[in-house]
């Protein structure tokens, strides 16, 4: 069976994908978060496919490490990213006169609430894997995972295609500076 590709380290999640994606460039940081999200969703999918190939067996070390990495991302980095959006991006959309942007803001809030609800169920199964236990109800865990991944892909499309470009044109230099400071402070960088 092929090896399950794992992240390079089990340390705390990186805040950005490269030197240009720091809090001084908030939209670049948000884009880097999306890249990390895509990688974490991919790891989640590979993890569950890997475990499904081990019916009746205890999860192997690769599976337990991957489960820990996925949980770390969705416990730490994803909530920070959603808070960034709820503090700075969504208010800019809600303040617009554009019905499409106002609807996008409402959709983002609804998606964030759904992410949190689905994550609670998904996390329980991943916690079993991380503890080297076979999760109860593997079929249900796979279905929950599929729904979680599908919802994220739809959400990313909305943000990358409409929300972030629109918010960038609406936020003033002063608002961007506040956003940068806030993002850094909440990540312990300032």
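Tell me which residues, restricted to the stretch 24-44, are surrounded by fewer than 19 Cβ atoms within 10 Å (Cβ to Cβ) and more than 15 Å from the chain's Cα centre (by Cα). 24, 25, 27, 28, listed by residue number.
Check the stretch 45-61 and report whether any residue there is touching a helix residue (DSSP H, G or I) at 6+ places or on another chain (Cβ under 9 Å), under 27 Å from residue 160 (Cα atoms) and surrounded by fewer than 23 Cβ atoms within 10 Å (Cβ to Cβ). Yes: the stretch 45-61 contains one or more residues that are touching a helix residue (DSSP H, G or I) at 6+ places or on another chain (Cβ under 9 Å), under 27 Å from residue 160 (Cα atoms) and surrounded by fewer than 23 Cβ atoms within 10 Å (Cβ to Cβ). Taking residue 51 as the residue in question, decide whether it is part of a helix (DSSP H, G or I) and at pLDDT below 90. So residue 51 fits the description; yes. Across the stretch 87-100, the qualifying residues are those that are in contact with a helix residue (DSSP H, G or I) (Cβ under 7 Å, 6 or more places away or on another chain) and surrounded by fewer than 20 Cβ atoms within 10 Å (Cβ to Cβ), and the one among them that is farthest from residue 153 (Cα to Cα) is 96. Within the stretch 134-141, one or more residues are under 30 Å from residue 53 (Cβ atoms) and touching a helix residue (DSSP H, G or I) at 6+ places or on another chain (Cβ under 6 Å).
The values are calculated or read from the model by the stated rules, or taken from the named source; none is laboratory data. Quick caveat: nothing in here was measured; it's all calculated off a predicted structure. Methodologically, a virtual Cβ is constructed for each residue, glycine included, from the backbone with ideal geometry; neighbour enumeration extends over all protein chains shown.
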